[in-house]
Amino acid sequence: MTGLTPRLFVAVPLPAAQKKLLDSWGRERKREWPFGRWVFREDYHITLQFLGNCSEEQIKKMIPALHKLAAEQAVFSLAVQGLGTFGRPEQPRILWAGVGGELELLHQLQQQVVQSLAPIGFLPDDRPYRPHITLARKYQKNHFPLQSLQQLQLWKTGDTTWKVKEIVLYETRLGRQPMYHALERFPFKK
């Protein structure tokens, strides 16, 4: 870990094949869509809960709680599906890839993570959970081509589906690539 209070979050990692597809698609768009920052290939993930700055004491408590939760989880399927934005349509803050597949199980997992970490002092987010994979941040112009986004085919080739077999506790390391470092992995047992 870096620094005194690491900035952490819990997420579903993406397998290499899906990261490669997203990265390839993003490289094709970079020239035409001037976002301030495109997400580095190894940093793609689906956030379950953002935790923020965490003390060593909190980390010592959360690791066994997350291992216990993961040990009770069954493997399930997700898929990269569709595209969208957050923020003003003409100048979005976030460009994202959507998530399909067994979404009910993903939502249940997210709720279980929140419930497991609440006793350690991590409050649930006030906003509804909207699973997504961030692709780029901060569009630099005032006229984002939202219509063309709806018409784009995300994949030309490749399988977008994968089996979720673990969750990961990530640390954010600003200014580095990859920016997100896996502190601990929590494999599912079922």
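Check residue 136 against each of (1) in contact with a helix residue (DSSP H, G or I) (Cβ under 9 Å, 6 or more places away or on another chain); (2) of a type in the set (A, V, I, L, M); (3) within 29 Å of residue 61 (Cβ to Cβ); (4) surrounded by 15 or more Cβ atoms within 10 Å (Cβ to Cβ) and name the one condition it does not meet.
(3)
Of (1) within 22 Å of residue 16 (Cα to Cα); (2) of a type outside the set (S, T, N, Q); (3) assigned to a helix (DSSP H, G or I), residue 113 satisfies all except one. Which?
(1)
I want to confirm something. Restricting to segment 39-62 and keeping residues that are of a type in the set (A, V, I, L, M, F, W, C) and open to solvent by 40 Å² or more (accessible area, probe 1.4 Å), which single residue is nearest to residue 120 (Cα to Cα)?
So, considering only residues that are of a type in the set (A, V, I, L, M, F, W, C) and open to solvent by 40 Å² or more (accessible area, probe 1.4 Å), the one nearest to residue 120 (Cα to Cα) is 50.
Among (1) farther than 23 Å from residue 5 by Cβ; (2) open to solvent by less than 30 Å² (accessible area, probe 1.4 Å), where does residue 71 come up short?
Failing condition for residue 71: (2).
Any idea which of (1) closer than 23 Å to residue 137 by Cα; (2) under 18 Å from the mean Cα position of the chain (by Cα) is the one residue 70 doesn't satisfy?
(1)
What number of residues within segment 78-134 are touching a His at 6+ places or on another chain (Cβ under 9 Å) and free of Cβ contacts under 8 Å to residues at least 60 places away in the same chain? Please lay out each step first, then the result.
Just the residues of segment 78-134 that are touching a His at 6+ places or on another chain (Cβ under 9 Å), to begin with: 84, 86, 90-91, 94, 96-99, 129, 131, 133-134.
Remaining after also requiring free of Cβ contacts under 8 Å to residues at least 60 places away in the same chain: 86, 90-91, 94, 96, 98-99, 129.
Here the count works out to 8.
Taking the stated definitions as given, is residue 69 at pLDDT 95 or above and either outside any helix (DSSP H, G or I) or within 16 Å of residue 133 (Cα to Cα) (or both)?
The answer is no for residue 69.
Conditions (1) of a type in the set (Val, Ile, Thr); (2) closer than 21 Å to residue 60 by Cβ; (3) more than 16 Å from the chain's Cα centre (by Cα), marked per residue:
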position: 80; (1), (2), (3): yes, no, no
position: 90; (1), (2), (3): no, no, yes
position: 128; (1), (2), (3): no, no, no
position: 143; (1), (2), (3): no, no, yes
position: 149; (1), (2), (3): no, no, yes
position: 168; (1), (2), (3): yes, yes, no
position: 176; (1), (2), (3): no, no, yes
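Of the residues that sit in segment 130-166 and are in a loop (DSSP other than H, G, I, E, B), modelled with pLDDT of 95 or more and out of contact with any Pro (no Cβ under 9 Å at 6 or more places or on another chain), which one is nearest to residue 12 (Cα to Cα)?
131
Restricting to segment 25-51, give me the number of residues that are part of a helix (DSSP H, G or I) and more than 18 Å from the chain's Cα centre (by Cα).
Summing the residues that are part of a helix (DSSP H, G or I) and more than 18 Å from the chain's Cα centre (by Cα) in segment 25-51 gives 4.
Can you pull out the residues in segment 116-129 that are surrounded by 14 or more Cβ atoms within 10 Å (Cβ to Cβ) and part of a helix (DSSP H, G or I)?
116, 117, 120
What about residue 91, is it touching a strand residue (DSSP E or B) at 6+ places or on another chain (Cβ under 6 Å), open to solvent by 70 Å² or more (accessible area, probe 1.4 Å) and within 30 Å of residue 32 (Cβ to Cβ)? Steps first, answer last, please.
On the way: touching a strand residue (DSSP E or B) at 6+ places or on another chain (Cβ under 6 Å): yes; open to solvent by 70 Å² or more (accessible area, probe 1.4 Å): no; within 30 Å of residue 32 (Cβ to Cβ): yes.
It is false that residue 91 is touching a strand residue (DSSP E or B) at 6+ places or on another chain (Cβ under 6 Å), open to solvent by 70 Å² or more (accessible area, probe 1.4 Å) and within 30 Å of residue 32 (Cβ to Cβ).
The values are calculated or read from the model by the stated rules, or taken from the named source; none is laboratory data. The shown structure was predicted, so the numbers you read here are calculated from the model rather than taken from an experiment. Backbone-built Cβ (ideal geometry, glycine too); neighbour counts: all protein chains shown. What goes into the accessible areas is simple: the full protein's heavy atoms, side chains included, and nothing from ligands, DNA or RNA. Shrake-Rupley method; radii C 1.70, N 1.55, O 1.52, S 1.80 Å.
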